[in-house]
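Engineer: Have a look at this one before I ask anything.
A short reminder: the numbers here are calculations on the coordinates, not readings from a lab. Note that the structure is a prediction, hence the values are computed from the model and not measured. Ideal geometry is used to build each Cβ from the backbone, glycine not excepted, and the neighbour counts take in all protein chains shown.
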Ligand SMILES: Cc1ncc(COP(=O)(O)O)c(C=O)c1O
């Protein structure tokens, strides 16, 4: 296990502590300025328990793309999930924590050749396809792969539709592709689909499972031994959402169309596992009041916080997410109409266009829940604003359940809720480092053209002379 500093470990919370009072402790430590996350491993464990309870027949293959934190992957591996990887790098990350290649599905229907070669080299042999070109690539690069045909079946309403990019038509295209695979001597073992991420149409799972059944029949006539049904992603993950309705539809459809227990049923949940586990705290570093020039009243306030759409809130653009700002400490203050903005110089960098919040001051914190899915893997430090650091916590009950499950080790945990390096005042820049620019005396670089001039001794006065210009009064 690679640990570069104490904060990458999971903090076992003090008795009675919870995510909110940890956020308060860090925010009010006096040394924290950058935005930060608190990730609750107990929330992920609760989700896993819920999944096993509600859909006992369905083996989850966590979709790594959703949040590829090494700690999350290790926790999920310890809980017994398998993994859906979309690339060579994701495969390597999962293998690096000691997961067997047989617990990985390479679920990207359009794979670069070198990634297929890599899958072959490391023994990840289960992979999806939805087009003829992919079949020819696989034939030449990994002819013994076990193939899963991805069909299209779209939810009528979903946060992110995927059908326009992936999934062949189960009636018009799939039979032809299966015949081509047969002619090429390839092995098709199953059917997969993804109804759309953030699915709000539970009955779509029945439609997709029924379509998969027809292709199992066709596969049998072509001589394939089909034994895998992959239900893809689409399950909700934010606080207060439940998988009960989708689970009911799936369980009933499996009983109707796939009663044979020999058929291995898997799914690729992403946001379900991680969305609610991550809470983000952002700091108000600036504010601007918009004034009604008729009567001098404040019409609206613009708050600028230190994470935005180029960082965690990329999910507003890419994942069509909606977020709710929660002030950490503002009880009793006057309510004002406001907007919330990210820190960069781009006008697009807006987090909340219009809302009502208690009046905030510079230095106050705004918290956002449900920030674990499709946020951090995409975030960039554009304009020099760092991607927030994650403080990972667990309560002692869940710690006892998790601590001895491979690949977790004693080294993964540290006792005590508050990140150790906060006490040292080391978290000011969000990377756990003291600001080196303040600490180190930097020699001034000479501008182009004078690079070779000797640097005058300190007593010799300034190195450069400025031309003085007389400036008259501004008219
Ligand atoms: C192939 C595949 N599987 C699984 C997922 C995860 O979906 P979700 O986060 O909706 O569970 C995605 C998301 O894009 C995907 O493309």
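Engineer: Just rank 285, 115, fewest to most, by other beta-carbon atoms within 10 angstrom.
Structural biologist: 285, 115
Engineer: Let me ask something additional. Looking at the square roots a ≥ b ≥ c of the eigenvalues of the Cα gyration tensor of the chain, which shape do they give, rounded for a/c under 1.5, prolate if a/b is larger than b/c, or oblate?
Structural biologist: Verdict is prolate for the chain.
Engineer: Quick check: the angle from helix 174-183's long axis to the longest principal axis of the chain, C-alpha only, nearest 10 degrees?
Structural biologist: It is inclined by approximately 70 degrees.
Engineer: Note the angle between two axes, namely the Cα long axis of helix 244-257 and the longest principal axis of the Cα atoms of the chain, as a number of degrees from 0 to 90, rounded to the nearest 10.
Structural biologist: Approximately 20 degrees, to the nearest 10.
Engineer: Kindly express, to the nearest 10 degrees and within the range 0 to 90, the angle between helix 132-141's C-alpha long axis and the longest C-alpha principal axis of the chain.
Structural biologist: 90 degrees
Engineer: Arrange 353, 256, 132 by Cβ neighbour counts within 10 Å, fewest through most, would you? Don't jump to the answer; show the numbers that get you there.
Structural biologist: On the way: 353 8, 256 12, 132 15.
In increasing order of surrounding Cβ atoms, one gets 353, 256, 132.
Engineer: Classify segment 67-181 from the C-alpha gyration tensor, please: rounded if a/c falls under 1.5, else prolate or oblate depending on whether a/b exceeds b/c. Spell out each step's value before the answer.
Structural biologist: On the way: a/c = 2.38, a/b = 1.32, b/c = 1.81.
Verdict is oblate for segment 67-181.
Engineer: Take every Cα pair under 8 Å in the chain that's 6+ residues apart, average their separations, divide by the length, and report that relative contact order as a whole percent.
Structural biologist: Worked out over the chain, it gives 22 percent.
Engineer: Counting only C-alpha contacts under 8 Å and six or more residues apart, can you give the relative contact order of segment 114-270 as a whole percent?
Structural biologist: 21 percent
Engineer: Give me 197, 102 ranked fewest to most by other Cβ atoms within 10 Å of their Cβ, as a rough exposure proxy.
Structural biologist: Sorted ascending by nearby Cβ count, the order is 102, 197.
Engineer: Among the DSSP beta bridges whose two residues both lie in segment 41-269, what percent are antiparallel, rounded to the nearest 5? Write down the numbers at each step before the final one.
Structural biologist: Working: 2 of 29 bridges.
Counting DSSP beta bridges with both partners in segment 41-269, the antiparallel share is about 5 percent.
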